[in-house]
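Structure in structure tokens, see below.
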């Protein structure tokens, strides 16, 4: 049973100082009770990625994003404003929409055909005229906070959440140094990678390049100069910056892009990653928790046109190999976390915070404990 007292005892080896710290104990990756608390205390209170703003360009455009047990419906209303709601009818809890599409000016529940306007106000409820003390004007969809950051749409189920602009001013300036106007791009490619692993295994694997020389040879030799790699921890995000390898790249470079010979990546707690590869190619990696031992990585690439050019397809295919290499790595770690022969490990920290350092992994684990009220 995952309770506060036993959890506090279990983390005795974890230290606020990464140089002195062990990892989180394996139970934080394998116990259902811990996962349930994370859905509520982490994913229910943080900014969660929905889509690029180009996917919601016109009135009636909508997108559904499922995050744990919650579902957000984000749309452009008839006045062109971005609106966010819990994706649930206020009658008897049927989901209102699925996937992505275009509304015909109203939201109609598929179950009993209750109709809402795109501002969330109930317009009609069939055969309800004899229901005592009921008025359609008193019914409204439950709102969800929405924001646009660097051209990407996010939601937060916490009504008291701090605005993203206040949290991430430094990150926005850093992103725009690599991609001047990301909001003008469009999504050109998307792929999902199911992982047989806890969501923290997925984001921790992303947040260190200690494993890159042994597991991602193409990334280490044809993309990044790991000697120049630096990973900085900021108050609400991580930043990764590296020069390109200087060798023959695994894809054709775009020499006109800003900072074209640098790699830039940003991790936003708890599960959103934005990358710009040398040559100015931008993609998002979104780690979606599905179960205590299952995660889906959603990869999206953004280009000037809705279909990648031949040159853009080269980098998409090149990075796909790296993503595929991570799938068995994460699954193997999850299997090991279930072993009676493992409880905790020791983190490797580089004082220069370079490629061979796991200080970002430590930060993710620290944030997890803080969110759960254990640190």
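The values are calculated or read from the model by the stated rules, or taken from the named source; none is laboratory data. No experiment lies behind these values; they were computed from the predicted model shown. So basically every Cβ, Gly included, is an ideal-geometry build from the backbone, and we count neighbours across all protein chains shown.
Can you pull out every residue in region 345-363 that is surrounded by fewer than 21 Cβ atoms within 10 Å (Cβ to Cβ) and over 14 Å from residue 25 (Cβ atoms)?
Across region 345-363, the qualifying residues are 348, 349, 350, 351, 352, 353, 354, 356, 363.
Among the residues of region 229-239, how many are part of a strand (DSSP E or B) and within 16 Å of the chain's Cα centre (by Cα)?
Total satisfying the criteria: 3.
Could you list, in sequence order, the residues of region 151-186 that are out of contact with any helix residue (DSSP H, G or I) (no Cβ under 8 Å at 6 or more places or on another chain) and part of a helix (DSSP H, G or I)?
Within region 151-186, 164, 166, 167, 169, 170, 171, 173, 174, 177, 178, 184 qualify.
When the residues of region 32-78 are narrowed to those that are surrounded by 20 or more Cβ atoms within 10 Å (Cβ to Cβ) and part of a loop (DSSP other than H, G, I, E, B), which ends up modelled with the lowest pLDDT?
68
If you don't mind, there's one more thing I want to ask. On the given criteria, is residue 204 free of Cβ contacts under 8 Å to residues at least 60 places away in the same chain and either in a helix (DSSP H, G or I) or buried (at least 18 other Cβ atoms within 10 Å of the Cβ) (or both)?
No, not satisfied.
Also, I was wondering about something else. Might you let me know whether region 244-257 holds any residue that is assigned to a helix (DSSP H, G or I) and either closer than 19 Å to residue 327 by Cβ or assigned by TED's automatic domain parsing to the domain that holds residue 357 (or both)?
Going through region 244-257, the residues assigned to a helix (DSSP H, G or I) turn out to be none.
No, that holds for no residue.
If you scan region 162-181, which residues turn out to be over 17 Å from the mean Cα position of the chain (by Cα) and in contact (Cβ under 8 Å) with a residue 60 or more places away in the chain?
Across region 162-181, the qualifying residues are 170, 174, 177, 178, 179, 180.
Looking at residue 192, is it touching a strand residue (DSSP E or B) at 6+ places or on another chain (Cβ under 8 Å), surrounded by fewer than 18 Cβ atoms within 10 Å (Cβ to Cβ) and in contact (Cβ under 8 Å) with a residue 40 or more places away in the chain? Walk me through it before giving the result.
On the way: touching a strand residue (DSSP E or B) at 6+ places or on another chain (Cβ under 8 Å): yes; surrounded by fewer than 18 Cβ atoms within 10 Å (Cβ to Cβ): yes; in contact (Cβ under 8 Å) with a residue 40 or more places away in the chain: yes.
In short, yes.
Please work out which residue is modelled with the highest pLDDT, limiting yourself to region 318-327 and to residues that are surrounded by 13 or more Cβ atoms within 10 Å (Cβ to Cβ) and out of contact with any helix residue (DSSP H, G or I) (no Cβ under 9 Å at 6 or more places or on another chain).
For region 318-327, the residue satisfying everything is 327.
Mind checking whether some residue in region 212-229 is surrounded by fewer than 18 Cβ atoms within 10 Å (Cβ to Cβ) and under 13 Å from residue 264 (Cα atoms)?
The answer is yes; a qualifying residue exists.
Can you tell me which residue is surrounded by the fewest Cβ atoms within 10 Å (Cβ to Cβ) among those in region 270-281 that are over 8 Å from the mean Cα position of the chain (by Cα) and in a loop (DSSP other than H, G, I, E, B)?
280
Does residue 189 satisfy the condition of being at pLDDT 90 or above, in a strand (DSSP E or B), under 30 Å from residue 36 (Cα atoms) and in contact with a helix residue (DSSP H, G or I) (Cβ under 6 Å, 6 or more places away or on another chain)?
Spelling it out, it is not the case that residue 189 is at pLDDT 90 or above, in a strand (DSSP E or B), under 30 Å from residue 36 (Cα atoms) and in contact with a helix residue (DSSP H, G or I) (Cβ under 6 Å, 6 or more places away or on another chain).
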